[in-house]
1. Of all residues in region 106-133, count the ones that are polar (S, T, N, Q), assigned to a loop (DSSP other than H, G, I, E, B) and either under 14 Å from the mean Cα position of the chain (by Cα) or buried (at least 17 other Cβ atoms within 10 Å of the Cβ) (or both).
2. Name the single residue, out of those in region 38-64 being more than 12 Å from the ligand (Cβ to nearest atom), touching a residue at least 12 places away in the same chain (Cβ under 8 Å) and outside any loop (DSSP other than H, G, I, E, B), that is surrounded by the most Cβ atoms within 10 Å (Cβ to Cβ).
3. Looking at region 14-41, which of its residues are over 17 Å from ASP76 (Cα atoms) and small (Gly, Ala, Ser)?
4. Collect the residues in region 65-81 that are away from the ligand (no atom under 12 Å from the Cβ) and either over 26 Å from PRO257 (Cα atoms) or of a type in the set (Ser, Thr, Tyr) (or both), keeping them in residue-number order.
5. In this structure, does VAL265 turn out to be touching a helix residue (DSSP H, G or I) at 6+ places or on another chain (Cβ under 7 Å), crowded, with 17+ Cβ neighbours inside 10 Å and closer than 20 Å to ALA124 by Cα?
6. Which number in (1) closer than 12 Å to GLY10 by Cα; (2) touching a helix residue (DSSP H, G or I) at 6+ places or on another chain (Cβ under 8 Å) marks the one condition that LEU97 misses?
7. So, in region 202-230, how many residues would count as being within 20 Å of ARG139 (Cβ to Cβ), of a type outside the set (S, T, N, Q) and surrounded by fewer than 17 Cβ atoms within 10 Å (Cβ to Cβ)?
8. Taking GLY103 and the conditions (1) within 13 Å of the ligand (Cβ to nearest atom); (2) on the phi < 0 side of the Ramachandran plot; (3) assigned to a loop (DSSP other than H, G, I, E, B), which numbered condition does it fall short on, given that it satisfies the others?
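Values quoted throughout were computed directly from the atomic coordinates according to the rules given, and no laboratory measurement underlies them. Bear in mind the structure is a predicted one, so any value in this text is a computation, not a measurement. Here the Cβ positions follow ideal geometry from the backbone for every residue, glycine too, while neighbour counts run over all protein chains shown.
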Amino acid sequence: MATVKMGVVGCAGRMGQALLRQIDATEGCAIAGGIERPGHDAIGSDLGTLAGLAALDIAVGDDAAALFAASDVVLDFTVPAAAVAHAKLAAEAGKGLVAGTTGLEPDQEAAIAEAATKASIVRAANMSVGVNLLVNLVREVAARLDPDWDIEVVEMHHKHKVDAPSGTALTLGRAAAEGRGVGHDQVAVRGRDGITGERVRGSIGYAVLRGGNVAGEHSVMFAAENERVVLSHLATDRAIFARGGVTAARWLAGKAPGLYDMNDVLGF
Ligand code: NAD
């Protein structure tokens, strides 16, 4: 199999750097380049040094179109507006895209789906093997338990995270709603404060914690009278997301245009 050339947008970010290290460490993959938002301090510095690797003699750039031209697949873990712009570029260039950014509004998700009519895109709020297994387990458990089992999703992340609940928490909540055969947005309770009244039967609640450098912890609780089932995933290093992202990028090379998820990549 030919070497897959991978470009990283947001290469100076926490995930960007982890992705560079993972591409460097993965057989059959090569770093095609990396870009940052215009004006970022890292522009012009060596991409390898930036990620704690040996110098690569590739400078961090800010030209997204040039990065797409040089890459087979681009990995995007940035911010929602940039994620949409990069999906459009992937469609124009006919290149693969691993779209990992979270916190997108429904119209922004729709723009990524539209781009996937022309580009092959893996879209997932969480690229780890464990979380994708958990999503499937949650759907299955929710399908077996009636609404007397209250569903609550609890997540904790590092203090720098800007969106809440996490994209992964929402994916888990949606899987629970799917399993139960209800519309997620009709039953979701995304935060509680003050005199909220009693819990509504069949609702799916969210609770969010932020602090320290927690890479990502998620629990889905099914609570009934006198018993609880708790399904959890604990990430101790964001390298697991980078590993999943690079696995997705390798899988994408040569795939027909379409919107894929990690179930497709992992064969779950
Ligand atoms: P971060 O803030 O450390 O990094 C984001 C980087 O993107 C920054 O360096 C920023 O300058 C850069 N950026 C912003 N706009 C840009 C543009 N127009 N062009 C190029 N670069 C641009 O954040 P992070 O912790 O690395 O997370 C990034 C995103 O990835 C978040 O949405 C996070 O929730 C998501 N994430 C997804 C997964 C997953 O598995 N799907 C895992 C972890 C994080």
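1. Residues meeting the conditions: 2.
2. Of everything passing the filter in region 38-64, LEU47 is surrounded by the most Cβ atoms within 10 Å (Cβ to Cβ).
3. Result: ALA25, GLY28, GLY39.
4. SER71
5. Here the answer is yes, as VAL265 does meet what is asked.
6. All conditions are met except number (1).
7. Counting residues in region 202-230 that are within 20 Å of ARG139 (Cβ to Cβ), of a type outside the set (S, T, N, Q) and surrounded by fewer than 17 Cβ atoms within 10 Å (Cβ to Cβ) gives 6.
8. For GLY103, the failing item is (2).
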